[in-house]
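Participant: Would you mind keeping the following structure in view while I ask a few things?
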């Protein structure tokens, strides 16, 4: 009898312990964590912004500086428990290179990351410190009091995405560069619109009148129409007058057109191709004469002395880059070759621009110095 009672008591104790364990397991609180910046990009001026943390446990915060040196983004606290509004104090950026920092919050096995971009002290004109410099394709430098940087957006499958960005000179009435990401998302079945029209983000008086061409020149696209066929809207924006320069037909319709086709081919075999196309009036330290064409109502538009393309390719989580440089003259038909290819560093030296400024400095230095035409089947 005692043995029976003892066994029953042990069973009850074990049952209670099991119940307690199950109860503890059910009552265990899962870690929850999210963090959001009040703004993902800020101007070159000193400023402050909030990192809004939503957490139900202890957390810690760290700042990983991608570009622009250390210590320019300082949180007022780096640890806490539960919800918090962390103040990030950002010092002024006096350089011509955008600064990028990754702000990470950790709680238990969870993490939340945000990327903050501070614009370079460039741009001039109406847009000093534009926040658009956060994207990999955006160059820095080269602005003046007449330039304005604008990004055009489009709708793809209900999502608002960037189409392309340009830096336009309202005095010379050309863009010094047009930059855009290129991947299969931007290619579709939309037809060429030929929707020649002024750019709605600039006053018509600051643009050449290009409805019916430029005397003696083609209306040369910087972002080609064929690179934007996903929607009619995307293609229409490539016909804005700010995307045009006076380009000799012997270049525009021959080797330049072939290079545009090569670019689409490279894009089709990688994850994303970041493209910057540009028009150069004078090289750094150069004394080239700048000539002007005449539009159909007598307005002047600067004629580039050179054109370039620089490409940053992301493929299998690795980057590589190449540049192309053209004098504004006929090169004949056929594809661009290694004869027109340069390293990105070489084109930076000619233009004074800093390409792919938001790329990690280590990767940027490596890929921009490399000249390897064979890697691009040239």
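The values are calculated or read from the model by the stated rules, or taken from the named source; none is laboratory data. Please read all numbers here as calculations on a predicted model, not as lab measurements. No Cβ is skipped: glycine too gets one built from the backbone with ideal geometry, and neighbour counts run over all protein chains shown.
Participant: Please verify whether residue 260 is assigned by TED's automatic domain parsing to the domain that holds residue 332 and either at pLDDT below 95 or not in a helix (DSSP H, G or I) (or both), treating the condition exactly as stated. Reasoning before the result, please.
Facilitator: Values: assigned by TED's automatic domain parsing to the domain that holds residue 332: yes; either at pLDDT below 95 or not in a helix (DSSP H, G or I) (or both): no.
Answer is no for this residue.
Participant: Here is a check on your reading of the model: is residue 330 more than 19 Å from residue 373 (Cβ to Cβ) and assigned to a loop (DSSP other than H, G, I, E, B)?
Facilitator: Numbers: more than 19 Å from residue 373 (Cβ to Cβ): yes; assigned to a loop (DSSP other than H, G, I, E, B): yes.
In short, yes.
Participant: Do you know which of the residues in the range 210-223 that are touching a helix residue (DSSP H, G or I) at 6+ places or on another chain (Cβ under 8 Å) and part of a loop (DSSP other than H, G, I, E, B) is surrounded by the fewest Cβ atoms within 10 Å (Cβ to Cβ)?
Facilitator: Of the residues in the range 210-223, the ones touching a helix residue (DSSP H, G or I) at 6+ places or on another chain (Cβ under 8 Å) are 210, 217-218, 220-223.
Remaining after also requiring part of a loop (DSSP other than H, G, I, E, B): 210, 222-223.
Numbers: 210: 23, 222: 26, 223: 26.
Result: 210.
Participant: Filter the range 264-288 down to residues that are surrounded by fewer than 21 Cβ atoms within 10 Å (Cβ to Cβ) and assigned to a helix (DSSP H, G or I), then give me how many there are. Even if it seems obvious, please write down each step before you answer.
Facilitator: Of the range 264-288, the ones surrounded by fewer than 21 Cβ atoms within 10 Å (Cβ to Cβ) are 264-266, 268-272, 281-288.
When the remaining residues are screened for being assigned to a helix (DSSP H, G or I), the result is 264-266.
Looking only at that region, the number is 3.
Participant: Just one of 205, 195, 226, 234 is closer than 25 Å to residue 298 by Cα and in a helix (DSSP H, G or I); which is it?
Facilitator: Details: 195 fails: in a helix (DSSP H, G or I); 226 fails: closer than 25 Å to residue 298 by Cα; 234 fails: closer than 25 Å to residue 298 by Cα.
Testing whether each residue is closer than 25 Å to residue 298 by Cα and in a helix (DSSP H, G or I) leaves just 205.
Participant: So, one more: Would you point out the residue of the range 129-183, among those that are out of contact with any helix residue (DSSP H, G or I) (no Cβ under 8 Å at 6 or more places or on another chain), over 19 Å from residue 239 (Cα atoms) and surrounded by fewer than 17 Cβ atoms within 10 Å (Cβ to Cβ), that is modelled with the highest pLDDT?
Facilitator: Result: 171.
Participant: Output the number of residues of the range 156-188 satisfying the condition of being touching a strand residue (DSSP E or B) at 6+ places or on another chain (Cβ under 9 Å) and farther than 22 Å from residue 273 by Cβ.
Facilitator: Residues meeting the conditions: 7.
Participant: Using the structure shown, decide if residue 285 is at pLDDT below 95, assigned by TED's automatic domain parsing to the domain that holds residue 196 and over 18 Å from residue 241 (Cα atoms). Even if it seems obvious, please write down each step before you answer.
Facilitator: On the way: at pLDDT below 95: yes; assigned by TED's automatic domain parsing to the domain that holds residue 196: yes; over 18 Å from residue 241 (Cα atoms): yes.
In short, yes.
Participant: Would you point out the residue of the range 296-327, among those that are under 26 Å from residue 211 (Cα atoms) and surrounded by fewer than 21 Cβ atoms within 10 Å (Cβ to Cβ), that is nearest to the chain's Cα centre (by Cα)?
Facilitator: Ranking the qualifying residues of the range 296-327, first place goes to 306.
Participant: Please enumerate the residues belonging to the range 71-91 that are closer than 18 Å to residue 360 by Cβ and modelled with pLDDT under 90.
Facilitator: Correct list: 72 only.
Participant: Hey, can you tell me all the residues within the range 52-101 that are over 20 Å from residue 34 (Cβ atoms), assigned to a loop (DSSP other than H, G, I, E, B) and free of Cβ contacts under 8 Å to residues at least 60 places away in the same chain?
Facilitator: 68, 69, 70, 71, 72, 91, 92, 93, 94, 95
Participant: Here are some residues: 363, 347. Which one is in the same structural domain as residue 273 (by TED's automatic domain parsing), touching a strand residue (DSSP E or B) at 6+ places or on another chain (Cβ under 6 Å), surrounded by 18 or more Cβ atoms within 10 Å (Cβ to Cβ) and in a helix (DSSP H, G or I)? Quick ask: steps written out before the conclusion?
Facilitator: Details: 363 fails: surrounded by 18 or more Cβ atoms within 10 Å (Cβ to Cβ).
Every option except 347 fails the conditions.
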